[in-house]
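Structure first, commentary second.
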Amino acid sequence: MVSLRNFVLILLTLSCYELSFETPVLDLGQTVLAVMAMVLGFAVMTKTIAFRTFVGRQQSWGDADKEITGVQPTSGGQSLALLSYAFSQQRLRIERWWCAALPLTLVGTSWCAWAKSFERLGSPQSLCLLTCYLPTLLLWLFVEQIHAQVDEMCQPNGGQPWIKHWRLRIRLGEIAGLLTCLLPVLMLSSMSELSDLVAWSLGISSSLARALGGGLLLCTLFLVFPSLLTTWSGGQPLPEQVQQRIESIAKRTGTSGFQAVLIPSQGRWAGAAIVGWFPGFRRLWIGDALMEQLTSRQLDMVVLHELAHIRRLHFIWRALPVIWAMGTGAIIWLAGYQLDLVQHWSLKLACGLSASLILLIGLSSMARRCELDADRVACDLARKSVDWSASQSPAEVLGSALGQLLGESASQVSTWLHPSLNARLANLSVWRCSP
């Protein structure tokens, strides 16, 4: 659920907050009107594009649509499915345009400057930071509403009202991803202020209180977050037969300390994921669309892929870029301190830009490596955990599952956190050739 766009939006908003003017250029009323005009302008643009996509695609139905999916549509249902796909592609462009327009929205309208002014007057920093994210959250609500209306129109022979699609999209869409990234930022900001208050009350070092408070908060966040996110996503118990099959595989591989749950998405999410860091608090998410599309053997390999992430401690490897980014930022900050540039905007820009680049590139590279490693380890685990591995190659079954899930032309290319389908199939072919 954590897309590159949401991650970039988090970093952009933090950078705008740090680099914004100390004194607002516009008064508060003008600032609010300017920001609302930007948000509503993008919402109207999204609505217009949705209408033009719907009308234009119906008029130009034919060979161009055949190229999108590789099949010639023969029914109204297939036609409507392509309409929904076409709008999804247009929506991605709108979200990229918002990323480009965000600095103007937050800095040019004095929105962040007013937030910093309220912080200087004694308002909690976490609340001021949340205020900076309100324009994006509000726009995402509008966009999800418009997309839900498209979903309703794209259902053949009627279907659920758009309000139900909207609730589902809020639960599993871009807003959930943005809040997933935003929650740690706000909690750490809150703990910093709370630690200063505790330090003042007890008469101890503020730095010590921040260190202890930050460590306590991170541990609490790691323990509670999987449960909170699963509840937000509507997690439900798996069918008994599937639950027993997963428990049998986990027992044979010696992997424990997780709870498997079903994520209902009305067929939208065909995926699986390990959510959580510590045994006993982890959740194994299984999408309902995944169970509908895959055979029992293919589902076994997807589960083994997720268990491989646990056994290989990939959550630690994926945290290394965060440590590298923080270390790089600290080194640049110390160098600026020696040069007496602590308050200069250039030091803040250098720290933020270098840390952000390392974070984005490092997370992408490490995540892709972990995915390829999990594919290979899953095949090794299958040899001792599933009975059918003696008659059929686990790599072949996993490859067919990946082809089933990522076979559409739009899903074959690499993404921010996942390698391409061709890269994963080539990786599995190497495993099949190994002794």
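Of the conditions (1) over 29 Å from THR220 (Cα atoms); (2) at pLDDT 90 or above; (3) polar (S, T, N, Q), THR131 fails just one. Which one is it?
Status for THR131: all satisfied but (1).
Scan the range 9-26 for residues that are small (Gly, Ala, Ser) and closer than 14 Å to CYS99 by Cβ and jot them down.
Residue satisfying the conditions is SER15 alone.
What tally of residues in the range 126-173 results from selecting those that are in a helix (DSSP H, G or I) and either among the polar types (S, T, N, Q) or open to solvent by less than 50 Å² (accessible area, probe 1.4 Å) (or both)?
Total meeting the criteria: 25.
Tell me the residue from LEU402, LEU381, LEU357 that is within 29 Å of the chain's Cα centre (by Cα) and open to solvent by 40 Å² or more (accessible area, probe 1.4 Å), please.
Of the residues listed, the single one that is within 29 Å of the chain's Cα centre (by Cα) and open to solvent by 40 Å² or more (accessible area, probe 1.4 Å) is LEU357.
Looking only at residues that are assigned to a helix (DSSP H, G or I) and at pLDDT below 80 in the range 330-347, which one is farthest from GLU22 (Cα to Cα)?
The extreme case among them is GLN338.
How about the range 13-36: which of its residues are surrounded by fewer than 19 Cβ atoms within 10 Å (Cβ to Cβ) and in contact with a Cys (Cβ under 9 Å, 6 or more places away or on another chain)?
LEU14, GLU18, LEU19, PHE21
Residues are listed down the side, and each one gets a yes or a no for (1) of a type in the set (Gly, Ala, Ser); (2) modelled with pLDDT under 85; (3) assigned to a helix (DSSP H, G or I); (4) under 20 Å from VAL303 (Cβ atoms):
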position	(1), (2), (3), (4)
ILE358	no, no, yes, no
ALA382	yes, no, yes, yes
GLN392	no, no, no, yes
GLN404	no, no, yes, yes
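Cβ-Cβ distance below 9 Å, separation of 6 or more or different chains: which pairs start in the range 1-28 with a residue that is outside any helix (DSSP H, G or I) and end on one that is among the acidic types (Asp, Glu)?
MET1/GLU174; SER3/GLU95; SER3/GLU174
Inspect the range 108-125 for any residue being open to solvent by less than 60 Å² (accessible area, probe 1.4 Å), at pLDDT 90 or above and in a loop (DSSP other than H, G, I, E, B) and give the result as yes or no.
Yes, the conditions are met somewhere in the range 108-125.
Which of the residues spanning the range 230-243 are closer than 13 Å to ILE263 by Cα and touching a Leu at 6+ places or on another chain (Cβ under 9 Å)?
Answer for the range 230-243, where residues must be closer than 13 Å to ILE263 by Cα and touching a Leu at 6+ places or on another chain (Cβ under 9 Å): TRP232, SER233, GLY234, GLY235, GLN236, PRO237, LEU238, PRO239.
Look through GLY267, GLY276, GLY287, GLY257 and report the one residue that is in contact with a strand residue (DSSP E or B) (Cβ under 7 Å, 6 or more places away or on another chain) and surrounded by fewer than 18 Cβ atoms within 10 Å (Cβ to Cβ).
After ruling out the rest, the residue left standing is GLY257.
Here are some residues: THR230, THR328, THR295. Which one is in contact with a strand residue (DSSP E or B) (Cβ under 7 Å, 6 or more places away or on another chain), of a type in the set (Val, Ile, Thr) and either farther than 24 Å from VAL397 by Cα or surrounded by fewer than 20 Cβ atoms within 10 Å (Cβ to Cβ) (or both)?
Result of the check over THR230, THR328, THR295: THR230.
Report yes if LEU262 is modelled with pLDDT of 90 or more and not in a loop (DSSP other than H, G, I, E, B), otherwise no.
Spelling it out, LEU262 is indeed modelled with pLDDT of 90 or more and not in a loop (DSSP other than H, G, I, E, B).
Only residues that are farther than 14 Å from GLY287 by Cα and of a type in the set (Lys, Arg): list them for the range 227-268, please.
ARG245, LYS251, ARG252
The values are calculated or read from the model by the stated rules, or taken from the named source; none is laboratory data. Everything numeric here is computed off the predicted structure, so don't read it as measured data. With ideal geometry, Cβ positions are generated from the backbone for all residues, glycine too; neighbour counts draw on all protein chains shown. Areas reflect the complete protein model, heavy atoms only, side chains present, ligands, DNA and RNA absent. Shrake-Rupley method; radii C 1.70, N 1.55, O 1.52, S 1.80 Å.
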